[in-house]
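Participant: Let me give you the structure first, and then I'll get to my questions.
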Amino acid sequence: MKLCDTGTLRLLHRWLSCVSALLLASAVAEAQQCGGESGAVAGGVGVGATRLWLSGEHNATGHWTATLRLEKDSAVGRPGRQRLQLQLEPSSWRCGSTRTDALQLTLHSPPLPPGPDYQQLAGGHFYKLHTELLSWEAAKRACEAEGAFLLVLNSQKEADAILRLVKEYKGLSEWLHIGFHDKDREGHYLTVLGDLLSQSGYTRWEQRDPTGDPEDCGAISKTVGLVDITCENHKMNFICEQFS
């Protein structure tokens, strides 16, 4: 693929225009909502604990200054120290009489060591079974506060490991919260990582499940069959997962 190819440049420009329009729309909406000063816009998009933040200012002399910031949350008091690896790669190219200079910035953030009571099971990930009783939404927030996420099952091997973990505990709730839901569209199940449940690698439902609306959040039985439950009314134990 040649950078100077007209068709390629047109395609790249169209894609970048779409991304820019989405970020600008978010920025303008944020500025209007927050009562920002004329000529200054800001907005961001994010997934989970990571956010990309764009801000810009057009001053009285006609200069435009744009700032791109990456934000990443991590739980306070976790063992170890958050490390950000920064890599800068300058490059340049020519298209006819135009020379373009670019500076690519890459940030790499390795995961923190697991928190207290997390143990390594199938696939090298870390898991923690919480014995407190919370709603699905509260359980999701509790996992995120630990730098983890509600369990997403990706294989029968992982499900078997979780089954062994569950059997180590007595007096657990009938079901345990895990990380999937169909809150956005009935029957369209997504994991808390944003992937389709049907493509997650594990879709063994309990008999008579899923039952549908208003049960829009996910759980497992003590035999690791999938069930759907209400997001706020069912207060149950839950399992958090963290990448290794």
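Participant: Return the only residue of L129, L112, L105 being surrounded by 11 or more Cβ atoms within 10 Å (Cβ to Cβ) and either over 21 Å from the mean Cα position of the chain (by Cα) or at pLDDT below 90 (or both).
Facilitator: L112
Participant: May I ask you to say which residue of G225, G218 is over 16 Å from the mean Cα position of the chain (by Cα) and free of Cβ contacts under 8 Å to residues at least 24 places away in the same chain?
Facilitator: G225
Participant: Residues to consider are E146, E174; find the one that is of a type in the set (D, E, K, R) and more than 11 Å from I220 (Cβ to Cβ).
Facilitator: Answer to the check: E146.
Participant: Here are the criteria: (1) modelled with pLDDT of 75 or more; (2) closer than 26 Å to Y169 by Cα. Tell me which single one P79 does not satisfy.
Facilitator: Unmet condition: (1).
Participant: Separate question: So how many residues does segment 169-201 have that are in contact (Cβ under 8 Å) with a residue 12 or more places away in the chain, farther than 17 Å from N154 by Cα and either part of a strand (DSSP E or B) or of a type in the set (D, E, K, R) (or both)?
Facilitator: Here the count works out to 5.
Participant: Taking segment 202-244 as the search range and keeping residues that are in a loop (DSSP other than H, G, I, E, B) and hydrophobic (A, V, I, L, M, F, W, C), which one is farthest from F126 (Cα to Cα)?
Facilitator: C231
The values are calculated or read from the model by the stated rules, or taken from the named source; none is laboratory data. As the structure is a computational prediction, the values presented were derived from the model and not from experiment. Glycine gets a Cβ as well: all are built from the backbone with ideal geometry, and neighbour counts include every protein chain shown.
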